[in-house]
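**Student:** Right, I'll just put the structure down here and ask away after.
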Amino acid sequence: MALRWLQKEKENLHYYVFVGVLLLVGTVFGMMLVRSLSFAQQQDLADRLGFFLQTYQQADASASTVSFAERAGFYAKWLVLIWAFGLSIIGLPLVLALVFLKGVLLGFAVGLLVQSLAWDGLLLFLAAVAPQNVLVVPAIAIAGVSSLRYAFIIVREKVRNRKPRWRTPLAAHTAISGLMMMMLVCAALFEAYVTPLLLENIVPMLAVSPDSAPQG
């Protein structure tokens, strides 16, 4: 059922294009948001970043387990909100807002790292932030498209004065959300158990300190 739902979605590329553009705009906005901060705010964020990276290196196995639970719970809440908002027409703007916000957070992370650490920040992003987002971003995007499609089907049936056949679309929409949750759990596992190992090897080479100052 979920596979047929995805196949039908491939016939509606405008949904994917719209969501993709929304993510891209959000990412650009997030990067510009860092540039709009005052020097004092940038310095404070750079200090927090340096302290966070030093603390992250000292994380043990129990900390990784807690981190996994926190990240998986965060992603689950995000996905449930997208799924639930998609069930109602009035909730669609909130679906779009969540997709846009994901782009903003990603762009802000890129902007902050590059602004604080220059090329080292880009390397840090590619090693410690980008890998899990290879799963997170598509999962959020596909969940958003599924919500848009479900709402569109219900609206179309009502406009045609038909009794909405919501059970099959709802089951497919829910199945897609479940599959996306599996992707997000994998991302949380990577973020909790693999990212600390990457940081442990990369951060010493970057000479990151709590006193790191923003560049430019």
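Bear in mind these aren't lab numbers, they're just calculated from the coordinates by the rules spelled out. Computed from a prediction, not measured in an experiment: that's the story for all the values here. Here the Cβ is made from the backbone with ideal geometry for all residues, glycine too, and neighbour counts use every protein chain on show.
**Student:** Can you compute the FRET efficiency between GLN43 and PHE152 using 1/(1 + (r/R0)^6), with r the Cβ-Cβ distance and R0 = 35 Å? Round to the nearest 0.05.
**Tutor:** That pair, GLN43 with PHE152, gives E of 0.15.
**Student:** Could you calculate the contour length gain from VAL159 to GLU70, that is, 0.36 nm times the residue separation minus the distance between their Cα atoms, to one decimal place in nm?
**Tutor:** Between VAL159 and GLU70, full extension yields 27.8 nm more.
**Student:** Between THR168 and VAL28, what is the label-point separation in nm under the 7 Å Cα-to-beta-carbon projection?
**Tutor:** Here the answer is 4.0 nm between the modelled labels.
**Student:** Oh, and also: Sorted by average packing, counted as other Cβ atoms within 10 angstrom per residue and highest first, what order do 22-29, 71-78 take?
**Tutor:** By packing density, highest mean first, the sequence is 22-29, 71-78.
**Student:** Among 84-93, 144-153, how do they line up from the highest to the lowest mean number of other beta-carbon atoms within 10 Å?
**Tutor:** Result, highest mean Cβ count within 10 Å first: 144-153, 84-93.
**Student:** Sort TRP119, TRP83 by Cβ crowding within 10 Å, fewest neighbours at the top.
**Tutor:** TRP119, TRP83
**Student:** Which of SER116, SER177 has the fewest other C-beta atoms within 10 Å, and how do the rest follow up to the most?
**Tutor:** Sorted ascending by nearby Cβ count, the order is SER177, SER116.
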